[in-house]
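**Q** Provided herewith is a single structure, encoded as structure tokens, for subsequent inquiry.
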Amino acid sequence: MGFDVDAVIGPGWVDGSIYTDEEIFRAELDRIFKKTWLYVAHESEVPEVGDYQRRELAGEPVIVVRDRDGELRVLLNRCRHRGNLVCQEQAGNSQFFRCQYHGWTFTNRGDLVGVPYPQSYDESFSKDAMGLTPMPRMETYRGFIFVSFDPDVPPLAEHLGAEAIALIDLFVSQSPIGEIYVRAGVQRVEYQGNWKFIGMDGYHTNFVHRSVEFLQHAGKVATEGAPDDGKPAAEIGPLEFGKSPDKLGNKAWSLGRGHVHINNAPQRMARAETTLAALTSTPEGAEYVASMQASYGERARTLICAPDPHLGLFPNLQIIGVQIRVIEPQAANRTVVVQYPALLGGVPQEINVQRLRKHEWFFSPAGFGSPDDYEVFERNQAGLAAVAEPKVVLSRGMGAETELADGVVEGAYTDEVPQRGQLERWAELMRATGVTAGSTS
Amino acid sequence: MTALLDVQTVLSVHEFLYREARLADAARYSEWLALWQEGDITYWVAPREDVDPTAEVSLVYDDRALLEQRVARWESGFAWSQVPRSLTSRLVGNIEVIADDDDAVTVTAAVHVWVARRGTSTLLAQRVTYVLGKQADGYVLQEKKVVLVDPDSPVGNITFVL
């Protein structure tokens, strides 16, 4: 296609068209979503032989299945005959996927085993070559299943990097046995805005989430980051309207390869005593704290009090609070977000119930936080229709970053370090050649 | 239903549900809150009819304190997802009183909420179960359980009264 990447992105700015242009959107699917690792599901969603989950990757229907040998497979949900869906249900358990159009039947390993009236095909037809198409690459890390349409992507560990791996470990280590279970239901939300608005932004908190700050000052919920007032901490940002949250010591990170992270541990650890006291005031909480200490020793305090990885893995995964959040871009101006709360293995049920309620409070489509984010994204999309001054400014904190090890860049909490990190990766992938001719031009 | 309901019960149940719908559509949040009884309540928007809220995430699972937070947030003027507010018009139909006990009636209904926001309108179809406590001066909401008829499709802005 004809657009010039360097005409739409520069130091500290991007052109609004990267959020609104349908041609750019289609190029993103080809050059980003088809060219890097995508998160698809968690192994705990398909625990038994035959379990499957349907998913969408870059608009394509796929099946995640634990096959008859117990192996994980990610297969395109497309009959090799005329392209019909072979799996209709969102989730289930099956040994076979049978196309209901002409009866072609595939095992859950993807092998084509049944073609009605086969004598009418000539000798060049081979069932062996006509199995369901597997994703060219699949790797897992701690149960998180990643796949790629591109057989030549570097290994997953290289793509994730040490910091992101440590943050996935942090998320899983909220469980004293190091197990999470992604089978507590799902929430699907749609907003009329570009997928790249979902980033990692410390600057918006006091403004977009003003209603939460209002509830805090009305005495209805505790203020995180405020002097320890003995109230248990809610799962919310450092909200004190009119005061810069940078003073709380939280940091915004770019991890490289488009991955980003908000480190809100300083704010959370400032209230560690209250968090622990609230937990240990109930028998279930005390049991949880004791089992965490038995498993992790000194480190348990951090794992209990500051467990939120607040990690964005470019381009389609976020791990925030208790949830795994998947971004499914639909069009330049339409995005679906799928939220999966994760439960902890080896903890009293009450601990997991609290996780569900905490998630609903802020992140539910009818909750007190995320809907205001989505509302602001829709307003952003509408505002970008004005193109007289097309630049979007992302220069906050530029030049004041600190380089940490391994290409990790740290800025103040409200700095636009994550935005720049994501968009630098966006530009790198969008510049790359090798797009199938004619696919987007 | 074991016995024939008297007309007065049916009419007063209908009137209560219509009032609840009217106050919700008008965003008269404090008056809507006042329909609920003092003390323990459950305002639950569930993903399915047969779901265990301790094992699976819900859209809303409010006790009294959370419901009060919800109303305070709406009334704050800072809940941007309701600035401007979603315009709703709901039809409450197929009302059936399925239990009539000494203290409460249990009622089910089909509710179609038409929602308009920024020039786009959608229809949100719900199955709703109400438990209405009997008080000297009429009914009060003890429980409201809303199940979306289509739980799998993505939802847009559903931050109004469900």
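None of the figures in this text is laboratory data; all of them are computed from the coordinates on show. Bear in mind the structure is a predicted one, so any value in this text is a computation, not a measurement. A quick note on method: Cβ atoms are made from the backbone with ideal geometry, for glycine too, and the neighbour counts reach across all protein chains shown.
**Q** Enumerate the amide H contacts of A:VAL113 below 5 Å, restricted to partners 5 or more residues apart or on another chain; note that Pro and chain-start residues carry no placed amide H.
**A** The list, which skips near neighbours in sequence, is A:THR105, A:PHE106, A:THR107.
**Q** Residue by residue through the stretch A:407-418, which ³J(HN,Hα) values in whole Hz follow from phi under the Karplus form 6.51 cos²θ - 1.76 cosθ + 1.60 (θ = phi - 60°), with glycine and proline marked x?
**A** x, 7, 10, 10, x, 5, 3, 8, 6, 8, 4, x
**Q** Going by alpha carbons, how many degrees (0 to 90, nearest 10) lie between the helix axis of A:349-363 and the longest principal axis of chain A?
**A** 90 degrees
**Q** Here is a follow-up. Where does the stretch A:22-174 land on Rg(C-alpha)/(2.2 N^0.38 Å)?
**A** That ratio works out to 1.15.
**Q** Share of Cα-Cα pairs in the stretch A:1-91 beyond 17 Å, in percent?
**A** 62 percent
**Q** Here's another thing I want to ask about it. Above 18 Å lies some portion of the pair distances; for the stretch B:23-78, what is it as a whole percent of all C-alpha pairs?
**A** Details: 627 of 1540 pairs.
So the portion of pairs separated by more than 18 Å is 41 percent.
**Q** Still on this model: If you line up the Cα atoms of the stretch A:246-289 on their principal axes, what length do they span on each, largest first, in Å?
**A** 43, 25, 8
**Q** Let me ask something additional. Considering just Cα atoms, how many Å³ per residue does the convex hull of the stretch B:66-149 enclose?
**A** Convex hull of Cα atoms, per residue: 123 Å³.
**Q** Using modelled backbone amide H atoms (1.01 Å from N, in-plane), which distant-in-sequence or interchain residues come within less than 5 Å of A:HIS42's amide H?
**A** Those lying under 5 Å, H to H, from A:HIS42 are A:ILE145.
**Q** Express the relative contact order of chain A as a whole percentage, based on alpha carbon pairs under 8 Å and six or more residues apart in sequence.
**A** Numbers: 866 pairs, mean separation 93.1, N = 441.
Relative contact order comes out at 21 percent.
**Q** How large is ³J(HN,Hα), in whole Hz, for each residue of the stretch A:368-373 in order, when computed from phi with the Karplus curve 6.51 cos²θ - 1.76 cosθ + 1.60 and θ = phi - 60°, using x for Gly and Pro?
**A** Going residue by residue, I get 9, x, 3, x, 6, 4 Hz, with x marking Gly and Pro.
**Q** Moving on to the next point. Whole number please: convex hull volume per residue of the Cα set in the stretch A:115-213, in Å³?
**A** 269 Å³
**Q** Would you kindly derive the ³J(HN,Hα) couplings of the stretch A:278-285 from the backbone phi angles with the Karplus curve 6.51 cos²θ - 1.76 cosθ + 1.60 (θ = phi - 60°), listing them in order in whole Hz, with x for Gly and Pro?
**A** 5, 5, 6, 6, 10, x, 5, x
**Q** Could you list A:THR36, B:THR106 in order of exposure, starting from the residue whose Cβ has the fewest other Cβ atoms within 10 Å?
**A** Fewest to most other Cβ atoms nearby, the residues stand as B:THR106, A:THR36.
**Q** Over all Cα pairs of the stretch A:282-383, how is the pair count split among 10 Å bins, expressed in % and running from 0 up to the last occupied bin?
**A** Each 10 Å bin holds this share of Cα pairs: 13, 37, 29, 14, 6, 0.
**Q** For the pair B:SER12/A:GLU403, report the inter-label distance in nm, with labels modelled 7 Å from Cα in the Cβ direction.
**A** The two pseudo-label positions are separated by 7.8 nm.
**Q** Kindly provide the helix-only [θ] at 222 nm of chain B, computed as the sum of -39,500 (n - 2.57) over DSSP H runs of four or more divided by all residues, to the nearest 500 deg cm²/dmol?
**A** When only DSSP H runs of four or more count, the value is -7000 deg cm²/dmol.
**Q** Can I ask one more? When the helices in chain A are scored as -39500 (n - 2.57) per DSSP H run of 4 or longer and the sum is shared across all residues, what 222 nm value do you end up with, to the nearest 500 deg cm²/dmol? List each step's numbers first, then the result.
**A** Details: 13 runs with 122 residues, N = 441.
That comes out to -8000 deg cm²/dmol.
**Q** Run the numbers for A:ALA386 and A:GLN88: contour at 0.36 nm per residue of separation, minus the present Cα-Cα distance, in nm.
**A** Result: 103.1 nm gained on full extension.
**Q** Same structure again: In terms of the ratio Rg/(2.2 N^0.38 Å) built on C-alpha atoms, what value belongs to the stretch A:95-143?
**A** 1.43
**Q** Restricting to Cα pairs below 8 Å that are 6+ residues apart, what does the relative contact order work out to for chain B? Please round to a whole percent. Intermediate results must be reported in sequence, preceding the final value.
**A** Values: 255 pairs, mean separation 37.7, N = 162.
It rounds to 23 percent for chain B.
**Q** Here's another thing I want to ask about it. Show the residues, 5+ positions off or on another chain, whose built amide H is closer than 5 Å to the amide H of A:ILE177.
**A** Answer set, sorted by chain and number: none.
**Q** All other residues with a Cβ under 13 Å from the Cβ of A:PRO116 taken together, and with Lys, Arg as +1 and Asp, Glu as -1, what is their net charge?
**A** That sum, taken over residues with Cβ under 13 Å, equals +2.
**Q** Can you tell me which of A:LEU76, A:LEU215, A:LEU429 moves the most in a GNM of chain A? Springs connect C-alpha atoms under 10 Å apart.
**A** Result: A:LEU215 has the largest fluctuation of those listed.
**Q** If all Cα-Cα distances of the stretch B:52-96 are sorted into 10 Å bins from 0 onward, what percent lands in each bin, rounded to whole numbers?
**A** In order of increasing distance, the bins hold 20, 31, 39, 9 percent.
**Q** Rounded, prolate or oblate, given the Cα gyration tensor of chain A, with a/c below 1.5 counting as rounded? Let's see the in-between values first.
**A** Values: a/c = 2.10, a/b = 1.33, b/c = 1.58.
Because a/c hits 1.5 or more and a/b fails to exceed b/c, chain A counts as oblate.
**Q** When the Cα atoms of chain B are enclosed in a convex hull and the volume is divided per residue, what value in Å³ results?
**A** Per residue, the Cα convex hull of chain B comes to 125 Å³.
**Q** Same structure, new question: In the structure shown, do any of A:LYS220/A:LYS251; A:LYS196/A:LYS220; A:LYS220/A:LYS358; A:LYS220/A:LYS247; A:LYS196/A:LYS391 have a Cα-Cα gap over 22 Å, and if so which?
**A** Over 22 Å Cα-Cα: A:LYS220/A:LYS251; A:LYS196/A:LYS220; A:LYS220/A:LYS247.
**Q** A further question follows. Quick one: divide the alpha-carbon radius of gyration of the stretch A:1-54 by 2.2 N^0.38 Å and tell me what you get.
**A** Here the answer is 1.75, to two decimals.
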